[in-house]
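All remarks here apply to the structure that follows.
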């Protein structure tokens, strides 16, 4: 059973055909729920997937979004309609935006709550009190 916050995120992200979660960590609930809805989901993280418990329904690529943002092309794993990050720290906002621009994907993210976005973004209020940031790709 997902939390109201997770359900709101899944409802918002579920309109995309494919998505990449940047820095999945040990919180696979949103990625798994998206996969169960038919969204093609890939997760990335710098940690080992066995340590993270990434479910089999979610493809996993061990990668660093900072390094991906510096490459000429970030890599096939990032080719998706949506890149998203949950509780994404500010130091990853710019690299993730660079990756989104490189693959022509939307970039949506949440912060830890007290961190403002480090990139130009619009705010979107979701049910359960979640604030979602929608990065402006053109700026």
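Only the coordinates and a few stated rules stand behind these numbers; no lab work does. None of the values given here were measured: they were computed from a predicted structure. Cβ sites come from the backbone with ideal geometry, for glycine too, and all protein chains shown count toward neighbours.
Summary table below
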{"quantity": "Listed candidates [x] -0.28, -0.56; [y] -0.47, -0.82; [z] -0.32, -0.64 - label of the one calculated as log10 I(q)/I(0) by the Debye sum over Cα atoms at q = 0.10, 0.14 Å⁻¹", "calculated": "[x]"}
{"quantity": "Burial order of peptide ranges 43-49, 67-73 (average beta-carbon count within 10 Å, highest first)", "calculated": "43-49, 67-73"}
{"quantity": "Cut-off 17 Å (backbone N to label point 7 Å along Cα→Cβ of residue 123), residues of the range 94-114", "calculated": "108-114"}
{"quantity": "Extension gain from residue 48 to residue 2, taking 0.36 nm per residue of separation minus the Cα-Cα distance", "calculated": "14.1 nm"}
{"quantity": "Part-to-part distance (alpha-carbon centres) for the range 16-42 and the range 85-137, which is given in Å", "calculated": "16 Å"}
{"quantity": "Mean separation of Cα contacts under 8 Å, 6 or more apart, over the residue count of the chain: relative contact order %", "calculated": "22 percent"}
